[in-house]
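S.K.: To start, I am sharing the structure in question, which I have written as structure tokens.
Just so it is clear, none of the values below were taken in a lab; they were calculated from the coordinates. This structure is a prediction, so every number in the text was calculated from the model and none was measured. Here the Cβ positions follow ideal geometry from the backbone for every residue, glycine too, while neighbour counts run over all protein chains shown.
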Amino acid sequence: MLPDGALAAPEAPASGAPGTGRMGGAPRPGRIVLHAVLIVLSLLMVAPFVWMLLTSLKSHAEVMAYPPTFLPSVWQWVNYPDALQFAPFGTYFRNSLVIAVSHTVINVALAAMAGYALARLPFRGRSVLLMLVLAAMMIPTFTKIVPQYLLAKTMPLFGGNDFLGRGGSGWLDSWWGLIVPGAVTPLAIFLFRQFYLSLPRELEEAARLDGLGEFGIFARVMTPLMKPAIATVSLITFENSWNNFVWPLIVTRSDELRVIQVGLAAFQQVDETLWEYMMAGTVLATLPMIVLFLFTQRYFVQGFATAGIK
């Protein structure tokens, strides 16, 4: 029996009891397994990049030696300047940068307007246009190369062609052929549409009461709230354009218009492949994408996390 007015001390909850935290307790087995699987998968993803970096710092004899070694015996930092002097990689980098930036700017601008129209403007045939955009996303890229090449070659009044598209090369081996095809993607239109759907309609209604027109609502009210969408589309577009190999290889013939991914093939000689130089060039070609992702990672993850709200 307790004296009158005395309070009993509360009993401490049993460790691991339902409804209690696991502070200080052992982690759950499922979480341990999950972390172990994620660590293994992360190592598998990083391993090719580590091997590429280490190979770029080996001598040619060490690269071709068998069995292969993991770490270079002598770190050949000179491979990087030698690789840049082997071919006009300054021109290749410039071309890739111009094309990637042009694709990114055009895709963000036009896809944002198309996505806004599909999300916020009521007009006849909107559902049909949306279905066409979704259908275009399902077409494999390589099935479009031949029709795209024929369209570029027969472009009227370009490259010596007449008004019927005959007699010349059209957009082949030109900046037009490198930039215009693929400048707007259906994926970007769909992502922008999903983001514009997630914005409250009260914003545009208040803007209309203030006297803004439709383009003013798009440019001054809605689009400034689309930073995650802009970052997501920009990163995807820049990455796809920077790493594009097949289309620039087909549409260009001169070194002045070659891109970095095509230029790396210069290290594949008739009798052998200069792997140490190719890996050095590949490392340099990968750096812009790594830097861009580090700057846009927060918006990129947020963009994909919220793209399917509606």
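S.K.: Cβ-Cβ below 8 Å, separation at least six or inter-chain, first residue in region 58-80 and in contact (Cβ under 8 Å) with a residue 60 or more places away in the chain, second among the hydroxyl-bearing types (S, T, Y) and buried (at least 16 other Cβ atoms within 10 Å of the Cβ): which pairs?
M.R.: As it stands, the answer is V63/T55; Q76/S59; N79/S56; N79/Y277; Y80/S56, since those pairs meet every condition given.
S.K.: Can I ask one more? Would you pick out the residues in region 170-219 that are surrounded by fewer than 18 Cβ atoms within 10 Å (Cβ to Cβ) and hydroxyl-bearing (S, T, Y)?
M.R.: S198, the sole residue that qualifies.
S.K.: Taking the residues in region 71-99 that are over 30 Å from the mean Cα position of the chain (by Cα) and hydrophobic (A, V, I, L, M, F, W, C) as candidates, determine which candidate is farthest from P288 (Cα to Cα).
M.R.: Within region 71-99, the first condition is being over 30 Å from the mean Cα position of the chain (by Cα), and the residues that meet it are 71-76, 78.
Add one more test, that the residue is hydrophobic (A, V, I, L, M, F, W, C), and what stays is 71, 74-75, 78.
Details: L71: 25, V74: 27, W75: 23, V78: 21 Å.
That would be V74.
S.K.: Just give me the residues in region 41-61 being farther than 30 Å from D82 by Cβ and loosely packed, with under 10 Cβ neighbours inside 10 Å, in sequence order. It would help to see each step written out before you state the result.
M.R.: First, the residues of region 41-61 that are farther than 30 Å from D82 by Cβ: 41-44.
Result: L44, single match.
S.K.: Enumerate the helices (runs of 4 or more DSSP H) found wholly within region 178-263, keeping only those where 2 or more residues are free of Cβ contacts under 8 Å to residues at least 40 places away in the same chain.
M.R.: Working: elements: 186-198, 201-209, 227-242, 246-251, 260-263.
The qualifying helices (runs of 4 or more DSSP H) are 201-209.
S.K.: State the number of residues belonging to region 62-74 that are of a type outside the set (V, I, T) and surrounded by 13 or more Cβ atoms within 10 Å (Cβ to Cβ).
M.R.: Within region 62-74, the first condition is being of a type outside the set (V, I, T), and the residues that meet it are 62, 64-68, 70-73.
Okay, now just the ones that are also surrounded by 13 or more Cβ atoms within 10 Å (Cβ to Cβ), so 62, 64, 72.
Going through region 62-74 one residue at a time, the tally reaches 3.
Every residue, every condition in (1) exposed (fewer than 14 other Cβ atoms within 10 Å of the Cβ); (2) without any contact (Cβ under 8 Å) to a residue 12 or more places away in the chain; (3) in contact with a strand residue (DSSP E or B) (Cβ under 8 Å, 6 or more places away or on another chain); (4) of a type in the set (D, E), yes or no:
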position	(1), (2), (3), (4)
A83	no, no, no, no
F86	no, no, no, no
T91	no, no, no, no
L97	no, no, no, no
H103	no, no, no, no
M113	no, no, no, no
A117	no, yes, no, no
M138	yes, yes, no, no
V146	yes, yes, no, no
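S.K.: How about region 158-170: which of its residues are within 17 Å of P181 (Cα to Cα) and aliphatic (A, V, I, L, M)?
M.R.: Within region 158-170, none qualify.
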